[in-house]
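Following: one structure in structure tokens, then a few remarks.
The values are calculated or read from the model by the stated rules, or taken from the named source; none is laboratory data. All of these numbers come straight from a predicted model, not from anything done at the bench. Neighbour counts run over all protein chains shown; Cβ positions are idealised from the backbone, glycine included. Surface accessibility is based on the protein's heavy atoms, side chains included, excluding ligands, DNA and RNA. Shrake-Rupley method; radii C 1.70, N 1.55, O 1.52, S 1.80 Å.
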Amino acid sequence: MEIVRYREDVWGREVLLGVSWDLLWLVIAATFIVIMVHAAIMLARKSGPRPSADGERLSRHAAQDRWFHWITAAAFFVLLATGVLPIVGVKFPWLTAHWVAGIVLTAAIVFHIVRSLFWKDLAAIWIKPSDLAELAGGAAAPLPGKYSLAQKGMHLAMAVLVLVAVGTGIAMLVQIDTPWWARSNFLSEAALGWMFLLHGLSTLALIGFAALHLYFTARPEKQFYLRAMVKGWVSRSELAAHHDPARWTPDAAASGDAAQASPGLGADAR
Amino acid sequence: MTAYDVMPDIELYQPATVEDATELAARLKGSAWLLAGGQDTYGWLKDRAKTVEAMIDLKGIDALKGIRETPGGVEIGALTTLTEIVRHPLIGERYPLLREAAAVVASPQIRNMGTLGGNLCQDTRCWYYRRGLSCYRAGGNTCYADSPAGMNREHALFGASRCVAVSPSDTAIALSALEATMIATSRRGSREIPADDFFVGPDVDIVNMTALAADEVLASVRLPDRWANAEFHFEKVADRNVWDFALVSIAAALRMRDGHIENARFACGGVACVPYRLPAVERAVVGKPRSESTGEQAAHLASRGAKPLNHNQFKVPLMENLVRRALRG
């Protein structure tokens, strides 16, 4: 199985073209195996009672952050469909939708970076040495703050991969015609090859991480995180069961009964 | 680039039936070259610009040859030579548009050997691609023709998506104007593909020029009765009158009623990766007589949306003039 695609040019030199898409099937298979193994382990384990969603609602995600998440997710899936389906043989005019979704993703990420740097508690998502104690697992492991070590690791990996995909994607975007500019040839063939390789590798890794993200989102014991990303809140019981109130002290979800009755994306939180 | 001048080692298969050919195509797909008349084959292979492990020579399959009348029109086997099409009375009588298109392909010698299927499925003439450079169409990451120093006099005005190569087929625009359908056959069965869907642009598939799958063989082309005995116009402008590809060409089919155009189909060659239909012109001329003034009114619609490259702006007025001449009658 090839990892990198090369082509011999007219002068007999090898030209780097990008990642070998044989790896796509490897990533899909590996991700599937990881998910199956985890699901089997979790099935064998006796799960305890789930904390109640009733009672006091505490803010976990602000409306801006939830909008960011879902816009990013939508852009990501458009990028994935338009980028990968043609590779597996589904032919359609994919390029415009791909770069438009890429620009949406880039804008969302710029917004998120600015907001995280100046308005959010950046340390809450950053992995600290003390978080490594969570690796012990079971009763010996301390409860996390706002984000668990796994969530922080997922965020860090996704952040690095998305930044690589976006950075290389922008370099590739400059090489095609858009309504705002005519294509440029500022990158050499070799540099373009590296851009395509990094774009492809980051895409493959993102496919794996996104599949894991979806799997954990769908797991019964984690579904309150999905609700939190939709509605913004967790219950006091959920906080107590999964997080250390000493390390994360959220505010009430929103003022008034409206948030309790209909806590939509408008509910605010810090 | 090294010129090898000799054929590389290639396994040769010479099936005698369509079934054997499709079986081989399915087994060897991706690594085999389907050989028809062979007029655009050996250069690729001798230059090592394309490499294949096997060649499936279709010329021994009689079922893929000949022109026959069908209940809905005329069916032409994909292996029918261009000379046979030019000389066939049925084509000359009902579809002289195709006869004229076939008659201007390359040279008499090439028309004697070249087939309709080969003419439709031939690869683009972009020399960067044919030279063996790692361009988009060759599976690479860039286009050499659409670059500041690129020589793109012969390249596309429309529908360029990264790659700016154009379809070189003369018969393709005639078949598009005639609303022909292509019959693609494989081990999975046969399917009928309208001409407008048979040719694909780089926005959909940047490495292939037709919708044929790797295991499919173009078996025949069907010409519907709809456009039989209509009024036609075919014109090809090239640097040479013989043995050259179109800079711009036009095929027009016009159904007249009481001296006015009832229905029309126009397709231009040399301006896009596919036969470039002119729907705005087709709409504009309906109900009008075939005249100088109609041509004058419609000509500017033909080039609407054109995106000329550094060296092919001349194609815009050329295309407009061809529309004028097609409507002049």
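Some observations on this one:
- Filter result for B:Ala306 (touching a Leu at 6+ places or on another chain (Cβ under 6 Å), within 14 Å of chain A (Cβ to nearest Cβ) and of a type in the set (A, V, I, L, M)): yes
- Strands (runs of 3 or more DSSP E) (entirely within segment B:222-312) containing at least 3 residues that are open to solvent by 20 Å² or more (accessible area, probe 1.4 Å) and free of Cβ contacts under 8 Å to residues at least 12 places away in the same chain: none
- Residue that is more than 14 Å from every other protein chain (Cβ to nearest Cβ) and either surrounded by fewer than 18 Cβ atoms within 10 Å (Cβ to Cβ) or modelled with pLDDT of 95 or more (or both), where the choices are A:Leu201, A:Leu197, A:Leu187: A:Leu201
- Of all residue pairs spaced 6 or more apart or on separate chains, those with beta-carbon atoms under 8 Å, a first member in segment A:76-103 that is more than 11 Å from chain B (Cβ to nearest Cβ) and a second member that is open to solvent by 70 Å² or more (accessible area, probe 1.4 Å) are A:Gly102/A:Ile170.
- Scanning segment A:1-52 for residues that are loosely packed, with under 13 Cβ neighbours inside 10 Å, away from every other protein chain (no Cβ under 14 Å) and assigned to a loop (DSSP other than H, G, I, E, B) turns up A:Met1, A:Ile3, A:Arg45, A:Lys46, A:Ser47, A:Gly48, A:Pro49, A:Ser52.
- Residues satisfying the stated conditions in segment B:187-225, i.e. among the charged types (D, E, K, R) and in contact with a Leu (Cβ under 8 Å, 6 or more places away or on another chain): B:Asp203
- Unique match (being within 14 Å of chain A (Cβ to nearest Cβ), at pLDDT 95 or above and within 23 Å of B:Val237 (Cα to Cα)) among B:Ala106, B:Ala101, B:Ala145: B:Ala145
- Members of segment B:234-254 that are farther than 25 Å from B:Cys163 by Cα and touching a Lys or Arg at 6+ places or on another chain (Cβ under 8 Å): B:Glu235, B:Ala252, B:Ala253, B:Leu254
- The residues in segment B:120-139 that are more than 15 Å from B:Pro202 (Cβ to Cβ), open to solvent by less than 10 Å² (accessible area, probe 1.4 Å) and more than 10 Å from chain A (Cβ to nearest Cβ) can be counted, and the count is 1.
- Annotation: of all residues in segment B:175-197 being outside any loop (DSSP other than H, G, I, E, B), within 13 Å of the chain's Cα centre (by Cα) and among the small types (Gly, Ala, Ser), the one that is farthest from B:Ala264 (Cα to Cα) is B:Ala195.
- Selected residue (criterion: nearest to A:Met42 (Cα to Cα)) from residues of segment A:135-160 that are open to solvent by less than 30 Å² (accessible area, probe 1.4 Å) and part of a helix (DSSP H, G or I): A:Leu149
- Within segment B:46-58, not a single residue is surrounded by 15 or more Cβ atoms within 10 Å (Cβ to Cβ) and polar (S, T, N, Q).
- Qualifying residue in segment B:65-79 (condition: open to solvent by 10 Å² or more (accessible area, probe 1.4 Å), of a type in the set (S, T, N, Q), out of contact with any Gly (no Cβ under 7 Å at 6 or more places or on another chain) and touching a residue at least 60 places away in the same chain (Cβ under 8 Å)): yes
- All positions within segment B:315-329 that are within 30 Å of B:Ala149 (Cβ to Cβ) and without any contact (Cβ under 8 Å) to a residue 60 or more places away in the chain: B:Pro317, B:Glu320, B:Asn321
- Test: residue in segment A:218-228 that is more than 11 Å from chain B (Cβ to nearest Cβ), crowded, with 17+ Cβ neighbours inside 10 Å and under 30 Å from A:Ala29 (Cβ atoms): yes
- Against the test of being within 14 Å of chain A (Cβ to nearest Cβ), touching a Pro at 6+ places or on another chain (Cβ under 6 Å) and β-branched (Val, Ile, Thr), the options B:Val204, B:Val274 yield a single qualifying residue, B:Val204.
- Meets criteria (outside any helix (DSSP H, G or I), in contact with a Gly (Cβ under 6 Å, 6 or more places away or on another chain) and over 24 Å from B:Trp127 (Cβ atoms)) for B:Ala16: yes
- Residues of segment B:155-194 that turn out to be within 28 Å of B:Trp127 (Cβ to Cβ), away from chain A (no Cβ under 13 Å) and surrounded by fewer than 24 Cβ atoms within 10 Å (Cβ to Cβ), as a count: 1
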